[in-house]
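Report on the structure given below.
The values are calculated or read from the model by the stated rules, or taken from the named source; none is laboratory data. It should be emphasised that the depicted structure is a prediction, and the values quoted were computed from it without experimental measurement. Using ideal geometry, Cβ is built from the backbone for each residue, glycine included, and neighbour counts are taken over all protein chains shown.
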Amino acid sequence: MEKNDANIQEMRNKEQIEIFLSGKDSIDRFRRIIMQYECAMLEIKTKLDVLNTELSLQKSRNPFETIKCRIKSPESILEKMKRNHIPMTIEAMEKNMNDIAGIRVICSFPDDIYMLADCLLAQDDITLIARKDYIKKPKPNGYRSLHLIVEVPIFLTDEKKPMRVEVQFRTIAMDFWASLEHKMKYKKHIEKAESISNELYYCAELIAQLDGRMQQIREKIEGAPEI
Ligand code: 0O2
């Protein structure tokens, strides 16, 4: 996109955010809802931290290496609502947007992804809304991750409210791949884009093999007798 076009687009987005959030009431409601998503994100993060602490004692290694949390920006929320033809109201946003609160769990090994996801889903205050297994069934570009949309209740001073959070699980290598691939999406005029996409696809396949082999090596090491 040319710089001028980008500026115009930015101005349009700002205008639309102002329309979406017109009036003090809407801004206050929007802020309160975002605060609720933050609380839900914290709930899920704490659950995962607790599982990591418990499982690291049992297994003498951490099931996940890093956990990243983010709240989608108003611009990205608006862009996704437009793209998916969701009416521009706060009610429609709450009803249709599943990834305002997002958590990314980065594991060393693929089997830890499934173990953590199962442990999280087994908790009685968690409801599974949707599951997309892009590890078993990768995207055509090679993207691999396990995505869960879960609902968790948050307890505020005057209400209990179920909130949706998107949890993405992937390995360190899959995360490395996704970050680089994500950069490509934001470049409109990229030279030899097709050959880069092919190369990325090839790397995704290599990463899947590498993840599998590293897991096998770990299993052999774990299976060996202690000295
Ligand atoms: P952000 O800021 O990363 O969260 P959508 O395709 O988004 O309209 P849906 O059902 O939400 O619809 O998509 P999906 O397949 O569950 O994927 C949602 C998120 O997964 C994306 O969020 C990315 O974070 C990640 N993702 C999915 N596919 C790819 C991919 O091919 N490459 C990379 N790098 N990441 C991917 P957002 O909304 O893009 O933004």
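Just a few scattered comments:
- Unmet requirement for residue 77, which otherwise passes all of (1) away from the ligand (no atom under 15 Å from the Cβ); (2) at pLDDT below 95; (3) surrounded by 15 or more Cβ atoms within 10 Å (Cβ to Cβ); (4) of a type in the set (A, V, I, L, M): (1)
- The set of residues in the stretch 142-159 being touching a residue at least 40 places away in the same chain (Cβ under 8 Å) and assigned to a loop (DSSP other than H, G, I, E, B) consists of 142, 143, 144, 156.
- Members of the stretch 54-81 found to be closer than 20 Å to residue 222 by Cβ and of a type outside the set (Gly, Ala, Ser), listed by number: 54, 55, 57, 58, 59, 61, 62, 63, 64, 65
- Scanning the stretch 148-163 for residues that are surrounded by fewer than 20 Cβ atoms within 10 Å (Cβ to Cβ) and within 16 Å of the ligand (Cβ to nearest atom) yields 149, 151.
- Selection over the stretch 176-227 of residues that are acidic (Asp, Glu) and free of Cβ contacts under 8 Å to residues at least 40 places away in the same chain gives a count of 6.
- Among the residues of the stretch 22-40, those that are among the small types (Gly, Ala, Ser) and either part of a helix (DSSP H, G or I) or surrounded by 13 or more Cβ atoms within 10 Å (Cβ to Cβ) (or both) comprise 26, 40.
- Selection of the stretch 53-65 for residues being of a type in the set (S, T, N, Q) and in contact with a helix residue (DSSP H, G or I) (Cβ under 8 Å, 6 or more places away or on another chain) yields only 62.
- Filter result for residue 135 (in contact with a Lys or Arg (Cβ under 7 Å, 6 or more places away or on another chain) and surrounded by 18 or more Cβ atoms within 10 Å (Cβ to Cβ)): yes
- For the stretch 191-208, the candidate set comprises residues that are among the hydrophobic types (A, V, I, L, M, F, W, C) and within 15 Å of the ligand (Cβ to nearest atom); within that set, the residue that is modelled with the lowest pLDDT is 193.
- Hits in the stretch 165-186 (condition: surrounded by 21 or more Cβ atoms within 10 Å (Cβ to Cβ) and among the basic types (Lys, Arg)): 170
- Subset of the stretch 166-180 (residues that are more than 9 Å from the ligand (Cβ to nearest atom) and either in contact with a Lys or Arg (Cβ under 6 Å, 6 or more places away or on another chain) or closer than 14 Å to residue 105 by Cβ (or both)): 167, 169, 170, 171, 172, 174, 175
- Residues in the stretch 188-208 that are out of contact with any helix residue (DSSP H, G or I) (no Cβ under 7 Å at 6 or more places or on another chain) and surrounded by 11 or more Cβ atoms within 10 Å (Cβ to Cβ): 193, 197, 198, 199, 201, 202, 205, 206, 208.
- If you go through the stretch 80-107 and keep only what is away from the ligand (no atom under 13 Å from the Cβ), farther than 19 Å from residue 151 by Cβ and at pLDDT below 95, you end up with 87, 88, 89.
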